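Quick notes on the structure that follows.
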Amino acid sequence: MAGLESKWIVGLTLVALLSGCGADKPTEKDRVRVRVQTVQPSDFAAQVTLTGDVQARVQTELSFRVGGKIIQRLVDVGDRVTARQVLARLDPKDLQTNVDSAAASVFAEQARVKQTAAAFVRQQKLLPKGYTSQSEYDAAQAALHSSQSALTAAQAQLANAREQLSYTALVADVAGVITARQAEVGQVVQATMPIFSLARDGERDAVFNVYESLLAAPAKEGAITVSLLDNPNIKTTGKVREVTPVVSAQSGTVQVKVALDGLPAGMDLGSVVSATAQAAGQASVELPWAALTKSLSDPAVWLVGEDGTSALHKVTVGRYQTGRVIVSDGLKGGEKVVVAGGQLLHPGMRVEIVAEPAAPQGATP
């Protein structure tokens, strides 16, 4: 009985082996389906619209040359002033006292000069007759010279005191417009402390704060159109005059000054303006956002080779824009870049390329 069971087991094993040899081979795993875009380089010129304001070419900070208490302010922000116009005054009491004291010193020295001059004249008359000695004559002459020198010094001190008194009036050197005020009546100020900001009449600039990255590519030569922000029909032209070499620590921007050819009616000092600048064209590749991935920390894209396998390829991104990226280096043209389905790829994986779905009839592409 045991031998019969052994024969049945062996027979079933042989049947299982024979049936396994006749089974179909396992099918190849389905490939990842991706959509690709064939690279076509084209010239890309970045266009940036900036907002700034109109400023004077030369702006001066006006301040008193002496310290004191402000007792009068004659102009305000926005006022137009002329050359030699008084803008503010300090309390002159202390400086007037200095002038009076210096004037008294001059009066005293003048009297001393008269006295020593009369004494010297007497010595001149007495010396030839032998009624005085040579030493007395020399002493009278020295006293006269000393009093004359003291009078000259007193007169210089008086002139200086009067000049200091004149500094209590803050005077505009040139014509212009007051753009800022830093002090008020009753405030005690020190010498050289800014009181007003004066925008001088003359040439005007449009000033823009630009992020440093926007200046990486040189701008096209030629005129820049600057228009009024609230009325674009009011416009003028200008050229870049100055780019500050230092990045602002507060805003991280660089100041760009555009020299305006002239101000049309309606565009005044302080007006908010906009300007559009376009950089020089550069051969680049435009790809949708979905095409961009990364290799470690570097930007990269997935490429599909002639054999249908995927490969990760590093690129250099020149600019990020809404819904797209501009690749400035790494793609020469003709490559097939995966723009959809790249999330499941790894290097060397075989893929299946699918066509772009057709747009419905009547739909706008």
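Total residues in the range 284-300 satisfying the condition of being part of a strand (DSSP E or B), without any contact (Cβ under 8 Å) to a residue 40 or more places away in the chain and within 10 Å of residue 337 (Cβ to Cβ): the figure is 0. Within the option set 86, 121, being surrounded by 13 or more Cβ atoms within 10 Å (Cβ to Cβ) and among the aliphatic types (A, V, I, L, M) holds for one residue only, 86.
For the range 262-278, the set of residues classified as surrounded by fewer than 16 Cβ atoms within 10 Å (Cβ to Cβ) and more than 21 Å from residue 179 (Cβ to Cβ) consists of 276, 278, listed by residue number.
Each residue in the range 286-317 was checked for being under 19 Å from residue 354 (Cβ atoms) and touching a Lys or Arg at 6+ places or on another chain (Cβ under 7 Å), and 6 of them qualify.
Scoring residue 347 on the criteria (1) in a strand (DSSP E or B); (2) surrounded by fewer than 17 Cβ atoms within 10 Å (Cβ to Cβ); (3) at pLDDT 80 or above leaves a single failure, condition (1). Applying the set (1) modelled with pLDDT of 80 or more; (2) in a strand (DSSP E or B) to residue 101 leaves exactly one unmet item: (2). Against the conditions (1) surrounded by fewer than 18 Cβ atoms within 10 Å (Cβ to Cβ); (2) without any contact (Cβ under 8 Å) to a residue 40 or more places away in the chain; (3) outside the structural domain of residue 332 (by the TED database), residue 259 satisfies every one except (2).
Every residue, every condition in (1) exposed (fewer than 11 other Cβ atoms within 10 Å of the Cβ); (2) modelled with pLDDT of 80 or more, yes or no:
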residue: 302; (1), (2): no, yes
residue: 315; (1), (2): no, yes
residue: 322; (1), (2): yes, no
residue: 329; (1), (2): no, no
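Of 77, 81, all but one fail to be surrounded by 14 or more Cβ atoms within 10 Å (Cβ to Cβ) and under 32 Å from the mean Cα position of the chain (by Cα); the exception is 81. Restricting attention to the range 179-203, the residues that are assigned to a loop (DSSP other than H, G, I, E, B) and surrounded by 14 or more Cβ atoms within 10 Å (Cβ to Cβ) total 5. Identify the single condition in (1) in a loop (DSSP other than H, G, I, E, B); (2) outside the structural domain of residue 189 (by the TED database) that residue 145 does not satisfy, given that it satisfies every other one. Here residue 145 clears every test but (1).
Could you tell me which residue of the range 156-178 is farthest from the chain's Cα centre (by Cα), considering only residues that are assigned to a strand (DSSP E or B) and surrounded by 19 or more Cβ atoms within 10 Å (Cβ to Cβ)?
170
The values are calculated or read from the model by the stated rules, or taken from the named source; none is laboratory data. This one's a predicted model, so the numbers in the text were calculated from it and none came from an experiment. Backbone-built Cβ (ideal geometry, glycine too); neighbour counts: all protein chains shown.
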